[in-house]
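Please read the structure below before turning to the comments.
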Amino acid sequence: MKIAETFTQGSQPISFEIFPPKGDLSLEVAHSVARELADLEPDFISVTYSAGGSGNSGATADVAHMIQSEFGIPVMAHLTCIGLTEDALADRVADLKAKGIENVLALRGDRVAGCETTDYAYAKDIIGRLSDEGFCVGAAAYPEGHIECDLLEKSVEHLKQKQDAGASFFVSQLFFDNRYFYRFLEACLDAGVSVPIAAGIMPFLGKAQIQRMVFMCGASLPSPIIKLLAKYEDDSESLRKAGIEYACAQLTDLQAHGIDGLHVYTMNQPDIACATVEALRAQRGAAFRKPCWR
Ligand code: FAD
């Protein structure tokens, strides 16, 4: 199933991100995580990809295929182009097609040492190719701007280029303050970005994790989170619980504002997915607030 269709039905799809086997994570564990996520009946599950093909490039397609064929859940395989040659991209395309994958999240990937840009400088450079191959193509959006890009307007301009290249929906980078997302949607509308934009939410689970995320993607930390980090400095279990509750509150607020889609970075921890789905479904049926940015 083409994922873009789940947005056009206006049903606010709920989706999860999973990462494939890598390092200590075995295929068996990935399988059991996928099963638990599938039991929650999300609208789709996305499977991450290692930039530069380091370690798990084939595993992305394998795990996506397993979720689709075994559990009947639509999937989206991430694919990064940094370091890819045209021939290597053709191999990836052939592998995805052979495994029946219809949806791809087209990404550049983060710059990693030793992985030089080759035939493709930006995500937009592979979007047209993937679209011509018959894939339903999504791309990444940055509510606070991309970390390498100084101006939010430039980030939005680059988003529009991805739409013009054939991206039919976007999934956002994580953010901890919904006001940034709502402002971003305003800017996107002004710039002519008209395809659906799903909000990506990742709960904070601990101090080290949140520091790493903030450093990697430049998301702002609002004061309520800083206070929670201070309050539970020596109580990791309570901090984790508070992080999941905070993410649920973000998601229900986004749902109430009629956001196009809700994407949860589960970090392969099904209890996170379960808590978010319960919170969202409990709220469904309640009257939606009028979308605030239109
Ligand atoms: P691009 O859209 O190519 O942008 C990269 C940079 O170039 C940005 O600063 C952009 O503003 C700038 N730019 C774009 N076009 C132009 C232009 N025409 N001229 C000048 N500058 C331009 N990474 C992984 O390795 N694996 C994953 O599975 C993965 N999944 C992700 C899922 C989501 C939902 C998101 C939001 C990110 C994900 N990432 C993943 C991270 C992503 O690879 C990084 O954020 C990466 O640094 C940028 O990727 P992009 O596709 O947004 O790049």
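Coordinate-derived values only; no laboratory data. This is a predicted model, so every value here is computed, not measured. Positions of Cβ are backbone-derived with ideal geometry, glycine not excepted, and every protein chain shown enters the neighbour counts.
Our note on the geometry: Cα centres of the stretch 183-198 and the stretch 97-163, 17 Å apart.
Total lysine pairs in the chain at Cα distances under 17 Å, for residues eight or more apart or on different chains: 11. Here the contact order of the chain, divided by its residue count and restricted to Cα pairs under 8 Å and six or more residues apart, works out to 19 percent. Taking every alpha-carbon pair under 8 Å whose residues sit at least 6 apart, the stretch 103-205 reaches a relative contact order of 27 percent. Calculated [222 nm] ellipticity per residue, helices only, for the chain: -14500 deg cm²/dmol; basis is -39500 (n - 2.57) per DSSP H run with n ≥ 4, divided by all residues, nearest 500. For the peptides 258-267, 204-213, the ranking by packing is 258-267, 204-213, with the highest mean count of neighbouring Cβ atoms within 10 Å listed first.
Taking other C-beta atoms within 10 Å as the exposure proxy, Arg92, Arg179 rank Arg179, Arg92 from fewest upward. For the stretch 205-255, dividing the convex hull volume of the Cα atoms by the residue count gives 73 Å³ per residue. P(r) tail for the chain: Cα pairs beyond 37 Å make up 8% of the total. Computed over every Cα-Cα pair of the stretch 178-294 and binned at 5 Å starting from 0, the pair-distance distribution P(r) comes out as 2, 10, 20, 21, 20, 14, 9, 3, 1, 0 percent.
Put in line by how crowded their Cβ is, counting other Cβ atoms within 10 Å and starting with the fewest, Ile147, Ile127 read Ile147, Ile127.
Relative contact order, whole percent, for the stretch 146-294 stands at 26, derived from Cα pairs under 8 Å and 6 or more residues apart. Taking Lys and Arg as +1 and Asp and Glu as -1, the other residues whose beta-carbon sits under 11 Å from that of Gly128 total -1.
When the charge dipole of the chain is built from unit charges on Cβ atoms (+1 for Lys and Arg, -1 for Asp and Glu) and taken about the Cα centre, the candidate among Val75, Asn178, Ala88 whose Cα reaches farthest toward its positive end is Asn178.
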